[in-house]
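Let me begin by presenting the structure, written as C-alpha cells, before commenting on it.
What follows is calculated from the coordinates using simple rules that are stated; it is not laboratory data. Because the structure is predicted, anything quoted here is derived from the model rather than measured. All Cβ positions, glycine included, derive from the backbone under ideal geometry; neighbour counts span all protein chains shown.
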Amino acid sequence: MVSALILIADGTEEMEFVITYDTLVRAGIHCTSAFVGPLGDAAVLSRGVRIIPDKQLKDVENANGFDAIIVPGGAKGAETISTNEDVQELIRSYHSAGKIVGMICAGSLAALTSGLPRTKITSHPSVRPQLEAAYEYSEDSVVTAGNLVTSRGPGTAFPFALRLVSLLVDDKKRKEVEGPMIFPPGALIAA
C-alpha cells in the first residue's frame, strides 16, 4: 500500500494539514501523522484547532519506509518542523532516494534548512525572501520539480494534495477522488 508521513507541530496550518491528509486517504494512501516537538495532549494548530497526531516523530518505526513525506506550513509549525535535525535528515533521505517530498506554504523552508539542491520552488509569499536566492522561485500554485512538490498556502491545498495523488498513485485515481468533492468549474487550475 502507498503510504505518506505527514508532519505536524504546534502552529501547523489547519487546512494544509487536514486537506492533504484527507485527500490522500480518499485516494487509498495510508497516512501517518507524526508530531515534531514536545507533545501535550494534542497538537494546537495555527487557528487553535486541536488534533491528536498518530505518533510522535521520534516513535515512528522506519520513518524512511514511507513513499512520501509532507511538510505543511503555518509560520510557527513550519519553523519547528524545518529546524528539526531529524526532519532535515529525513527530507534529504527521501529526496535523494527519489521519493516524493511535499512542502506547502512556509513548509517550503524545509527545503532550504535541509540543504536540498537548487531547483524550481514556490511557497507562501512571506517566506519568499528566504528562498529566492537559493532556488528558482515561482509564483505558480503548485510546482513539481522532480520528486519535490511545493505549493503556496491554504488556498492551494487541494491542488497540492491532488498533485500528490497523481504522483503517488496516478491521474485516474486523482480524477476519481476529485469528482465527488464537487469543485466549482475552474477551481483547480493548478491540479
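Looking at Arg174 and the list (1) out of contact with any helix residue (DSSP H, G or I) (no Cβ under 6 Å at 6 or more places or on another chain); (2) farther than 20 Å from Cys105 by Cβ; (3) in a helix (DSSP H, G or I); (4) of a type outside the set (Gly, Ala, Ser), which single condition is not satisfied?
All conditions are met except number (1).
Going by what's in this entry, would Gln56 be described as in contact (Cβ under 8 Å) with a residue 12 or more places away in the chain, out of contact with any Leu (no Cβ under 6 Å at 6 or more places or on another chain) and among the polar types (S, T, N, Q)?
No.
Assess whether Gly37 counts as being closer than 17 Å to Asn147 by Cα and not in a helix (DSSP H, G or I).
Judged against the criteria, Gly37 is not a match.
For residues that are without any contact (Cβ under 8 Å) to a residue 40 or more places away in the chain, of a type outside the set (A, V, I, L, M, F, W, C) and either more than 23 Å from Gly77 (Cα to Cα) or crowded, with 20+ Cβ neighbours inside 10 Å (or both), tally how many sit in the range 95-115.
Total satisfying the criteria: 2.
Residues Arg92, Arg118: which one is in contact with a Gly (Cβ under 8 Å, 6 or more places away or on another chain) and surrounded by fewer than 17 Cβ atoms within 10 Å (Cβ to Cβ)?
Answer to the selection: Arg92.
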